[in-house]
Every structure is written in structure tokens, then in C-alpha cells.
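The values are calculated or read from the model by the stated rules, or taken from the named source; none is laboratory data. This is a predicted model, so every value here is computed, not measured. Cβ sites come from the backbone with ideal geometry, for glycine too, and all protein chains shown count toward neighbours.
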Amino acid sequence: MRTKRFRTPLSVVAAVAALALLVPGTSAAAPAPAAPAEAAPAAAAQAALVWSDEFNGAAGSAPSAANWNHETGSHGWGNNELQNYTNSRANSALDGNGNLVITARREANGTYTSARMTTQNKVQPHFGRVEARIKIPRGQGIWPAFWMLGGNFPGTPWPNSGEIDIMENIGREPHLVHGTVHGPGYSGGGGITGSYMHPQGWSFADDFHTFAVDWAPGSITWSVNGNPYHTVTRASTGGNQWVFDQPFFMILNVAVGGNWPGYPDGSTQFPQQMTVDYVRVYSLDGGGGGGTGTITASNGICLDVAGAANADGTPIQLAHCNGNQAQQWTVGSDGTVRAYNRCLDVSGGNTAAGTRVQLWTCNGSGAQQWQRTDGQGLRNPQSGRCLQPVGRVQNDGARTEIANCDGSAVQRWNLP
């Protein structure tokens, strides 16, 4: 089994330049012009890795259940698709060489099987660079995708939940990939789309390519191999609601047939495989964003890592401010709040009021996402609840929990 070494991530400078220089678009234009196959990383500070799955494991083993769910069924998936998604290793498995392989098959009875995997309620990024290095399958009627749905789905139905398609390809266009958003008033055939053509006009199925979005509040930029080709901003939605400033979960799948790609014909060969080298999430600001310093309660007492420990599961408490490292917090643009290079975390990913808050290795999950409220609270979007001291007492040593947001003084925090 090959254990993967990390490649150098694309630089934050390149990401910021892409966000600054590209002109926002509101519809699909001609594919982006040819560009070098690989963009050279700039010699600058690198984006901080906050989560990854490198798919290191024994050949034939299942992808990590800590990261991935399998969605199953053969009901057409809203697009008149043909495949039955399964959780079988015949359709999704590690290959022993550091890759996940999703396989679309034509079975002996003429039906099709494949796999659709999601990180819902397990890993739900909130801004940053989201990327995967993928070798896509090929053939008429084959539809591989790497995409995201709003973490509030299905409670908030599509398209109001939002959809970010990082990479889609349809087999009849082997040299093109597409990046799209769908939201209220701009969904389905009205999605806001950009396309990227292979620089040499070759098939994307011939080799691995890195597909990414640089995702910030009010802006999303798509790239292939570090080459930006499409940007969407709030202005691009034409007055319709922007629904992308929230946690999203990731999806990998290979569909067979459907309204857009059409259906397999005599030229389509099976099985077809999508090989995924890795999926990674980076913080575009290197882990910072709002700044680094103390977080104080409304009475001036500090948010503190108990015992100045840095182990997973260490409780978070209130303590008299003393200037030590246990009270130094970094507020990231990716929605995290960090100390000791670990994240403020809702224990067990639970959503119930009274769940304790702890320090945990950053993993991109919804349990580690925090947003400011209008009342200056810290709200965990996954649970819809706010950070407060246990018993609502702002004393030295009081531990912390999530509770129903009420805007009271014990839920107000001053951030760096």
C-alpha cells in the first residue's frame, strides 16, 4: 500500500489574485482560453490545510465512514438517471495506492450500478479552498461530478439550500468541465455556469487534474490545475438570494444517463471509473481571518483552554485573563475558532442544548463552524445554538456549552 505524501498546496496569493482579477459573470460564456496545464505555485505564504482525505488504505477497503456516507437507490435522482447507487465495494473502494475509485458498471441483467458519497453531517466546510485531484471516467452518457450542497438540506429544500458544482463533465464533451451554482431563481438550466476547455483539447479522462473552488463570503472562483476560469458573486444572482455563506457538504458521484448527458450508446464501454487521489479543504487566510487574540465574555473574563492542554477533548472554560497561550484564539475566515492549532468544537457533533464545547483537531465538520450573530453571540450553524457558560454563570472555571440563542449578556463575546 502506498502512503501518500502531500503535494504543495496552491498559494493563497494565487487564490486572492483570482478573486480580484476575474470579472464576475452571470451566465455560461465561451470556455476559458487555453492555459498552461499546471499553474506554478507562487513563492508566498501557503493556505492552511484544515481537513483532507488522502484515501490511504488497503486495496478493496471501504472509504472512511468517519468522513463519507453512501446514498443509495435507483429512482432517477431528479434527472432521469439510470444508475442504482449502492454501498458495495464493487462500486466504491480504495485501490491500495492512495486513491478512491468509484466504478459505474453495467450488470449482467442490463441495469447500471454506481456510487454516490457525501460528507453530510460529518465534514461541512464553510469557506476556503475546496479541491480534489481526480481522473474522470469517459464515454457517452457518463456523468462524473464533485460538488456540494448546503448543510441545511433537506430541511431547506433544493434549490434554496444552494448547490456548488466544483466539477461536472458529460461524456460527449470529453475536453470540457463545468462549474456552476444553483440557488433560488437560478437553478437547473438557469444555473450560473462557466466552462473550462482542456488546454490541448484533450480528454480530461486521460490524466489526473485538480478541480477547486476558492470560496469566500459573497464570492466563489473555480479553477482547474490552478487556472481560474469562472467567478460568481452576489451581484451575479441578479437580485435573487445569495445562499452560499453557510456550511456545505461535499459529494462525489458518477451518474449514468440523465437529461443533460444523455444516455449510453453502443460506443460506451463499461466499467467506467472515477479515480480520486484526494479531497482537501484549505483556509485561504492561512488559518487567520478575524485576527488572533483573546475572546472575552461580556463581563471581561476570558475564553480559556482548560489546564492549558492541547489534547483532543480538552474542555473550554472561562478564566481570569492572564495573557497565556491557552487564551489566544484565531478567528478564521473558514468559520473556525482555533487555539493550539485545534478547533473550538461541539462535543460529538451533537446539536442538543447543553452539549459541552471542547478543543478538537480541526476536521472541517459542522461541529467546528461558528458565526457571529447580530447580538454578538457565537452561533454554531449546524445546531442553530449559541456558545455560553454552563449554568449561565460567568465565573472563573465555568465550562462552556451550546444553548438556545437568546441574545443575553452571557452569550455575548468580544472577538479579536
Filter result (on the phi < 0 side of the Ramachandran plot, surrounded by fewer than 21 Cβ atoms within 10 Å (Cβ to Cβ) and of a type outside the set (D, E)) within the range 364-382: Q371, R372, T373, G375, R379, P381
Test: residue in the range 224-234 that is out of contact with any Phe, Trp or Tyr (no Cβ under 8 Å at 6 or more places or on another chain), part of a strand (DSSP E or B), in the same structural domain as Q273 (by TED's automatic domain parsing) and under 20 Å from Y278 (Cα atoms): no
When residues of the range 179-193 are limited to those that are part of a loop (DSSP other than H, G, I, E, B) and of a type in the set (G, A, S), the one surrounded by the fewest Cβ atoms within 10 Å (Cβ to Cβ): G185
Unmet criterion (only one of (1) among the small types (G, A, S); (2) surrounded by fewer than 20 Cβ atoms within 10 Å (Cβ to Cβ); (3) assigned to a loop (DSSP other than H, G, I, E, B)) for G171: (2)
Search result, residues across the range 97-141 that are of a type in the set (D, E) and crowded, with 23+ Cβ neighbours inside 10 Å: E131
Matching residues in the range 240-260 - criterion: being surrounded by fewer than 21 Cβ atoms within 10 Å (Cβ to Cβ) and over 21 Å from the mean Cα position of the chain (by Cα): N240, G258, N259, W260
Qualifying residue in the range 73-83 (condition: part of a loop (DSSP other than H, G, I, E, B), within 24 Å of H209 (Cα to Cα) and in contact (Cβ under 8 Å) with a residue 12 or more places away in the chain): no
Matching strands (runs of 3 or more DSSP E) fully within the range 300-353 where at least 1 residues are among the hydroxyl-bearing types (S, T, Y) and either without any contact (Cβ under 8 Å) to a residue 24 or more places away in the chain or within 16 Å of E401 (Cβ to Cβ) (or both): 314-319
So T351, is it of a type in the set (S, T, Y), farther than 25 Å from L49 by Cβ and crowded, with 20+ Cβ neighbours inside 10 Å: no
